[in-house]
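The values are calculated or read from the model by the stated rules, or taken from the named source; none is laboratory data. A quick note: this is a predicted structure, and the numbers were derived from the prediction, not measured. Please note: Cβ atoms are built from the backbone with ideal geometry, for glycine as well, and neighbour counts cover all protein chains shown.
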Amino acid sequence: MKPFAESSEQNKDPIYAVLKQYFNRVKTVLEIGSGTGQHAVFFADKFTHLLWMTSDQAEYHKGIKMWLDESSLQNVQGPLLLDVNQDEWPLQQTEAIFSANTVHIMSWPSVENMFAGIGRVLATQGIFCLYGPFNYNGEFSSESNARFDLWLKQRDPESGVRDFAALQNLAEKAGLEFVYDHEMPANNRILVWQKK
């Protein structure tokens, strides 16, 4: 049975409304942490001009393939085997990168490795869009995000809602310039960077 995430169903349209501002002219997008595969199929169907490359750890590949196979879309590929902690990522370069709800479920060293990897494979002038909940000035932006952070840490003490300033520091080290912070429904954001 195909995996299904209700959150992906709920947030796909608002995310698309933001992504179309950035992905209309790119030809390749790497999705880091494709999860169920729902986003990939939805966005590939919307962005018919580009190649959407799915990626995730091996345990998620079967579910992603189910979504891709059922869609019969020609412009979505993968899933690539990608652990952000790998020294070598499974592609050399991409014009854009998208990731949703990933950095808060990773350990901080993995978040550091993810940004470093993005810095390596993102083309000059390439765009990175990161969706999820974020803290600002070390504080939660909502009560629901504070509760979510507590739930995350009970599940994995190394996970948690990340602070924008800390992510911005990693982005700068990776050669990324901050572009915009988009407010999204349900106390989420899309942070956008561009490779210098």
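For the stretch 118-150, name all the residues that are buried (at least 17 other Cβ atoms within 10 Å of the Cβ) and farther than 29 Å from GLU95 by Cα. Of everything in the stretch 118-150, those that are buried (at least 17 other Cβ atoms within 10 Å of the Cβ) and farther than 29 Å from GLU95 by Cα turn out to be PHE140, SER141, ASN145, PHE148, ASP149. Restricting attention to the stretch 114-139, the residues that are modelled with pLDDT under 95 and in contact with a Gly (Cβ under 8 Å, 6 or more places away or on another chain) add up to 0.
I'd like the full set of residues that are part of a strand (DSSP E or B) and either within 13 Å of MET53 (Cα to Cα) or of a type in the set (Phe, Trp, Tyr) (or both), limited to the stretch 79-126.
Selection gives PRO79, LEU80, LEU81, THR94, GLU95, ALA96, ILE97, PHE98, SER99.
Candidates in the stretch 151-174 are the residues that are among the basic types (Lys, Arg) and touching a residue at least 40 places away in the same chain (Cβ under 8 Å); of these, the one that is surrounded by the most Cβ atoms within 10 Å (Cβ to Cβ) is ARG162. Against the numbered list (1) over 22 Å from GLY160 (Cβ atoms); (2) surrounded by fewer than 18 Cβ atoms within 10 Å (Cβ to Cβ); (3) touching a residue at least 60 places away in the same chain (Cβ under 8 Å); (4) not hydrophobic (A, V, I, L, M, F, W, C), SER7 comes up short only at (1). State whether the residues of the stretch 42-52 include one that is over 15 Å from the mean Cα position of the chain (by Cα), of a type outside the set (Val, Ile, Thr), in a loop (DSSP other than H, G, I, E, B) and modelled with pLDDT under 95. No; the residues of the stretch 42-52 include none that is over 15 Å from the mean Cα position of the chain (by Cα), of a type outside the set (Val, Ile, Thr), in a loop (DSSP other than H, G, I, E, B) and modelled with pLDDT under 95.
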